[in-house]
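Undergrad: Can you read through this structure? Questions will come right after.
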Protein chains: 2
Amino acid sequence: MTELTSALAAALPGGRVLTDPDVVDSYARDRTFVPPGRPLGVVLADSRDDVVATLQWASEHRVPVVPRGAGTGLAGGATAVDGCVVLSLARMTAIRELSPQDEIAVVEPGVITADLDRAAREHGLMYAPDPSSYEISTIGGNLATNAGGLRCVKYGVTRDSALGLEVVLADGRVLNTGRRTMKGVTGYDLTGLFVGSEGTLGVITAATVRLRRAPREVSTVAAEFTSLRDAAAAVSAIVAAGCQPSMLELMDRTTLQAIDDWKNIGLEPSTKAMLIAQAEGPADAMAALCGAASFVAVSSTPEEAAELIGIRRLAYQAKERLGQCLVEDVCVPRSVLPDMITTIEEVAARHGVMIATVAHAGDGNVHPVFVFDRGLAEPPEEVWAAADEVFRAALDLGGTLTGEHGVGLLKKRWLGLETGPVAAELHQGIKQVFDPLNILNPGKAI
Amino acid sequence: MTELTSALAAALPGGRVLTDPDVVDSYARDRTFVPPGRPLGVVLADSRDDVVATLQWASEHRVPVVPRGAGTGLAGGATAVDGCVVLSLARMTAIRELSPQDEIAVVEPGVITADLDRAAREHGLMYAPDPSSYEISTIGGNLATNAGGLRCVKYGVTRDSALGLEVVLADGRVLNTGRRTMKGVTGYDLTGLFVGSEGTLGVITAATVRLRRAPREVSTVAAEFTSLRDAAAAVSAIVAAGCQPSMLELMDRTTLQAIDDWKNIGLEPSTKAMLIAQAEGPADAMAALCGAASFVAVSSTPEEAAELIGIRRLAYQAKERLGQCLVEDVCVPRSVLPDMITTIEEVAARHGVMIATVAHAGDGNVHPVFVFDRGLAEPPEEVWAAADEVFRAALDLGGTLTGEHGVGLLKKRWLGLETGPVAAELHQGIKQVFDPLNILNPGKAI
């Protein structure tokens, strides 16, 4: 340990600070290829007090702090920077309270998202936000990125379930935002400001989240199409008919192939796209709207439905087996989803790049995954060029760079195209108010 | 006109600036008793350019600007201050776009809320947020206060329908926040920051709002109870049973009496409370959960339902007939709603104050209306004392000062009790970033 990290260790209970280079390195990355800097050490926080002590020390010594949940992020938001301390919240896993009467829970940031959902379901409730990673990602990380998921199309994103936060500010002071109630407008919306701020404004040490009544009957449809555009058209038809799906997921051929190669799902050669739709109540209407499908299956049991959705949740891991992945997360107005998808196919062909696409299609949120050789430190030129074209096409279609993953480091070069100079100045002004020494996750998000 | 207002008039097209004292006075108040200051004049903005010119002039001359929609606010947020210019957005009434495919609309701030809802319904959609005032209040005012309404229990508050904003900043620069898509996490949540900021951070000149599929079948239950607590218990039972009401409104005897005196609704002497509940699908389950009711009616036609809800929407105007009103807007966790209501009854009795209460009961949002003599300039001592006790009781129960009306001027004396000194410092820091000269609605909200 250096003098600096020894001072940190002295300010914390024993065993909280790790400095072994190999161990530290394992906390330096998220799930992107983005090469990390070299941290001074890692703090494994066990409590709010640990976070307070760490930030007081960091403020005193002007050390950058990179907060971290499970490291499942896809934008480089938790990538370590040189000379930082990585602050892991993964050990703060308490569900402090779960009130079925008030339909809320108070949770620590290290709680695994699906664990909270399971705890809620014991009371007939659910925690709605469900990023694909929800079995391995944490509530804290979900809050930091304002994570979306498969059920957003009906229940909204993480922000829509966050009622209040306990936050440790850069200087170690503790702030409580929001409330335990369903509504409330006292003061500015600080809760909303922290959610999605990617650890640049404060470190979340607890959250009061909204639970919702779990639906009693859910039906699931899986449909296979011989063209991706036909599948996208079925998405529009299902939304326009007012089916109010709680899930509407689209996978392209490349994605399905990667899953089939791994798990042998019996993919037909002619299948170019699969749609998985879920809604409360009967599925007949949704199935009927998949008229152009080559195959339609309605699941009759929850087990069958879970299996179908399980296939979808494997998509990203299946792609990681093919190589390194640059994951985009564009979101466009629903009416132009077919145009967005066509553009992605054209860009892939023109640049000779493998792009495997899944979409939370009901939200217009598309994940083109650019796959490149494992041996490379960075994506090759043609991948960056293709990625650039896809980002710009999304903006031209009235969309956004990132629907749910965040900007992190990966999308910073495009940020200005979307937000413009006035917003950039306001972002910096807000950052200055919360973190005048610029120690919280510097260089990320804004 | 003074030299100052002449310069303003010269910067705007003809007829935009009013300085006649009687006319100006009619723009100086909202719907509260709070005594206004004396404005220099009123600007009737017709366009974003008018707002830009007004704010450039105001910045140059350091003149406070009080933005204003329809003046239906209940917290003094639009109350004029001495030497200000009142900036009315009421003439900016264009629905710039309504896209049924994307389920969004782009609207100017002066659009009457119910007009947008009606425009959406022509396409099978609705604009969900519906403050009781929605036939007279504007979208801009709703955004500024983050207004709630009757349907929030199912569809959320104004924030939950706001996707993006066009805002003129204090110095006249134009900012676009958010997006046209259902999801998006690029940059900090500036949209959320402006919504509910009560005109202290910028002037909203357009909003992209989310529309939702209008329910096809809605059933409505009205139940009368001989005790308020029984009615509150029925609220809990309906929520706990998972009926997912889209409306769950409670009125006490004093409120019902005021409505009956005005509109002769045939109120029974024994009735102490009425509950109006609405849900998609059949109403039998909700009706059955009103077991303690003295009378239960299920509406069989939309006209009957509209009549029942119409009674509820008259509540505030009926109370204004009794005298001047100090309106509270506390919100508590649903499980303690009966305690909140009992406290209000006790406080009214102890202080000898008339309190008429309605509640968006499904949200735990309670409006105790303290009625006092029309001749008084300010509420008498005992009304302030009673109001103070109710605010403190709400906070003690884990609630908030304001569920949907905002802080304005009326609640500023209690603000610190809820937010505390750290949040207050951050609020001021944010205000400084957006409005360094403190010209935007100074003294309000934070």
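Undergrad: Pick from A:368, A:338: which is in contact with a helix residue (DSSP H, G or I) (Cβ under 9 Å, 6 or more places away or on another chain), in contact (Cβ under 8 Å) with a residue 40 or more places away in the chain and surrounded by fewer than 21 Cβ atoms within 10 Å (Cβ to Cβ)?
TA: Of the residues listed, the single one that is in contact with a helix residue (DSSP H, G or I) (Cβ under 9 Å, 6 or more places away or on another chain), in contact (Cβ under 8 Å) with a residue 40 or more places away in the chain and surrounded by fewer than 21 Cβ atoms within 10 Å (Cβ to Cβ) is A:338.
Undergrad: Among B:285, B:297, which is the only one that is open to solvent by 30 Å² or more (accessible area, probe 1.4 Å) and assigned to a helix (DSSP H, G or I)?
TA: B:285
Undergrad: Let me ask something else about it. Can you go through B:75, B:70 and tell me which one is within 14 Å of another protein chain (Cβ to nearest Cβ), under 27 Å from residue B:21 (Cβ atoms), touching a helix residue (DSSP H, G or I) at 6+ places or on another chain (Cβ under 9 Å) and part of a loop (DSSP other than H, G, I, E, B)?
TA: B:75
Undergrad: Can you pull out every residue in the range B:396-418 that is within 10 Å of chain A (Cβ to nearest Cβ) and closer than 17 Å to residue A:182 by Cα?
TA: Of everything in the range B:396-418, those that are within 10 Å of chain A (Cβ to nearest Cβ) and closer than 17 Å to residue A:182 by Cα turn out to be B:397, B:398, B:399, B:400, B:401, B:402, B:403, B:404, B:405, B:406, B:418.
Undergrad: While we're here: Between B:181, B:145, which is within 14 Å of chain A (Cβ to nearest Cβ), buried (at least 24 other Cβ atoms within 10 Å of the Cβ) and touching a residue at least 24 places away in the same chain (Cβ under 8 Å)?
TA: After ruling out the rest, the residue left standing is B:145.
Undergrad: Hey, another quick one. From (1) open to solvent by less than 20 Å² (accessible area, probe 1.4 Å); (2) among the aromatic types (Phe, Trp, Tyr); (3) within 24 Å of residue A:146 (Cβ to Cβ), pick out the condition that doesn't hold for residue A:57.
TA: Status for residue A:57: all satisfied but (3).
Undergrad: Moving on to the next point. Quickly run through the range A:38-54 and pick out the residues that are assigned to a loop (DSSP other than H, G, I, E, B) and open to solvent by 30 Å² or more (accessible area, probe 1.4 Å).
TA: Residues satisfying the conditions are A:38, A:40, A:46, A:47.
Undergrad: Then there is this: Could we say that residue A:163 is surrounded by 24 or more Cβ atoms within 10 Å (Cβ to Cβ), within 30 Å of residue A:367 (Cα to Cα) and either within 7 Å of chain B (Cβ to nearest Cβ) or in contact with a Ser or Thr (Cβ under 8 Å, 6 or more places away or on another chain) (or both) here?
TA: When the stated conditions are applied, residue A:163 does not pass them.
Undergrad: Sticking with this structure for a sec: Kindly list the number of the only condition in (1) outside any loop (DSSP other than H, G, I, E, B); (2) free of Cβ contacts under 8 Å to residues at least 40 places away in the same chain; (3) touching a strand residue (DSSP E or B) at 6+ places or on another chain (Cβ under 7 Å) that fails for residue B:209.
TA: (2)
Undergrad: If we scan the range B:167-178, do we find a residue that is surrounded by 24 or more Cβ atoms within 10 Å (Cβ to Cβ), under 25 Å from residue B:102 (Cβ atoms) and modelled with pLDDT under 95?
TA: Scanning the range B:167-178, I find no residue that is surrounded by 24 or more Cβ atoms within 10 Å (Cβ to Cβ), under 25 Å from residue B:102 (Cβ atoms) and modelled with pLDDT under 95, so the answer is no.
Undergrad: On to the next question. Please state which of the following conditions residue B:103 fails to meet, knowing it meets all the rest: (1) more than 14 Å from chain A (Cβ to nearest Cβ); (2) in contact with a Lys or Arg (Cβ under 9 Å, 6 or more places away or on another chain).
TA: (1)
Undergrad: Can you spot a residue in the range A:342-362 that is open to solvent by less than 10 Å² (accessible area, probe 1.4 Å) and within 10 Å of chain B (Cβ to nearest Cβ)?
TA: yes
Undergrad: OK, next. Tell me, please, whether a residue that is open to solvent by 20 Å² or more (accessible area, probe 1.4 Å), out of contact with any Phe, Trp or Tyr (no Cβ under 6 Å at 6 or more places or on another chain), hydroxyl-bearing (Ser, Thr, Tyr) and touching a residue at least 24 places away in the same chain (Cβ under 8 Å) can be found in the range B:303-324.
TA: yes
Undergrad: Please determine whether any residue of the range B:401-411 is open to solvent by less than 20 Å² (accessible area, probe 1.4 Å), under 24 Å from residue B:30 (Cβ atoms) and more than 17 Å from the chain's Cα centre (by Cα).
TA: no
Undergrad: Name every residue in the range A:184-197 that is at the interface with chain B (Cβ under 8 Å from one of its Cβ atoms), within 30 Å of residue A:408 (Cβ to Cβ) and in contact with a strand residue (DSSP E or B) (Cβ under 6 Å, 6 or more places away or on another chain), in order of residue number.
TA: Answer for the range A:184-197, where residues must be at the interface with chain B (Cβ under 8 Å from one of its Cβ atoms), within 30 Å of residue A:408 (Cβ to Cβ) and in contact with a strand residue (DSSP E or B) (Cβ under 6 Å, 6 or more places away or on another chain): A:190, A:195.
Undergrad: Hey, another quick one. Pick from the range A:321-360 the residues that are basic (Lys, Arg) and part of a helix (DSSP H, G or I): which of them is farthest from residue A:380 (Cα to Cα)?
TA: Only one residue fits best here, namely A:334.
Residue-wise test of (1) open to solvent by less than 10 Å² (accessible area, probe 1.4 Å); (2) part of a loop (DSSP other than H, G, I, E, B).
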| residue | (1), (2) |
| --- | --- |
| B:234 | yes, no |
| B:239 | no, no |
| B:248 | yes, no |
| B:255 | yes, no |
| B:268 | no, yes |
| B:271 | yes, yes |
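Undergrad: Output the number of residues of the range A:101-122 satisfying the condition of being in contact with a Ser or Thr (Cβ under 9 Å, 6 or more places away or on another chain), open to solvent by 10 Å² or more (accessible area, probe 1.4 Å) and modelled with pLDDT of 95 or more.
TA: 4
Undergrad: Please identify the pairs in which a residue from the range A:391-419 that is at positive phi has its Cβ atom under 7 Å from the Cβ atom of a residue that is among the hydroxyl-bearing types (Ser, Thr, Tyr), counting only partners at least 6 apart or on another chain.
TA: A:406/A:145
Undergrad: Moving to a separate point now. Given the conditions (1) over 24 Å from residue A:333 (Cβ atoms); (2) touching a strand residue (DSSP E or B) at 6+ places or on another chain (Cβ under 6 Å); (3) within 12 Å of chain A (Cβ to nearest Cβ), which single one is not true for residue B:220?
TA: It is condition (3) that residue B:220 fails.
Undergrad: If I ask for residues that are among the hydrophobic types (A, V, I, L, M, F, W, C) and within 10 Å of chain B (Cβ to nearest Cβ), which ones from the range A:124-142 would you list?
TA: Residue satisfying the conditions is A:125 alone.
Undergrad: Here is a further query. Among what's in the range A:212-228 and is of a type in the set (Val, Ile, Thr) and part of a strand (DSSP E or B), pick the residue that is nearest to residue A:47 (Cα to Cα).
TA: The extreme case among them is A:218.
Yes/no per residue for (1) of a type in the set (A, V, I, L, M); (2) in contact with an Asp or Glu (Cβ under 9 Å, 6 or more places away or on another chain); (3) within 12 Å of chain B (Cβ to nearest Cβ); (4) more than 28 Å from residue A:407 (Cα to Cα):
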{"position": "A:199", "(1), (2), (3), (4)": "no, no, no, no"}
{"position": "A:208", "(1), (2), (3), (4)": "no, yes, yes, no"}
{"position": "A:216", "(1), (2), (3), (4)": "no, yes, yes, yes"}
{"position": "A:234", "(1), (2), (3), (4)": "yes, no, no, yes"}
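Undergrad: Now a separate question. Evaluate the following for residue A:275: is it within 23 Å of residue A:369 (Cβ to Cβ) and modelled with pLDDT of 90 or more?
TA: yes
Undergrad: Report yes if residue A:423 is of a type in the set (Gly, Ala, Ser) and in contact with a Gly (Cβ under 9 Å, 6 or more places away or on another chain), otherwise no.
TA: yes
Undergrad: Now for a different question. When the range A:375-400 is examined, which residues are found to be open to solvent by less than 60 Å² (accessible area, probe 1.4 Å) and assigned to a loop (DSSP other than H, G, I, E, B)?
TA: Result: A:379, A:380, A:397, A:398, A:399.
The values are calculated or read from the model by the stated rules, or taken from the named source; none is laboratory data. The shown structure was predicted, so the numbers you read here are calculated from the model rather than taken from an experiment. Here Cβ is always computed from backbone atoms with ideal geometry, including for glycine, and neighbour counts include all displayed protein chains. Accessible surface areas use protein heavy atoms only, side chains included; no ligands, DNA or RNA. Shrake-Rupley method; radii C 1.70, N 1.55, O 1.52, S 1.80 Å.
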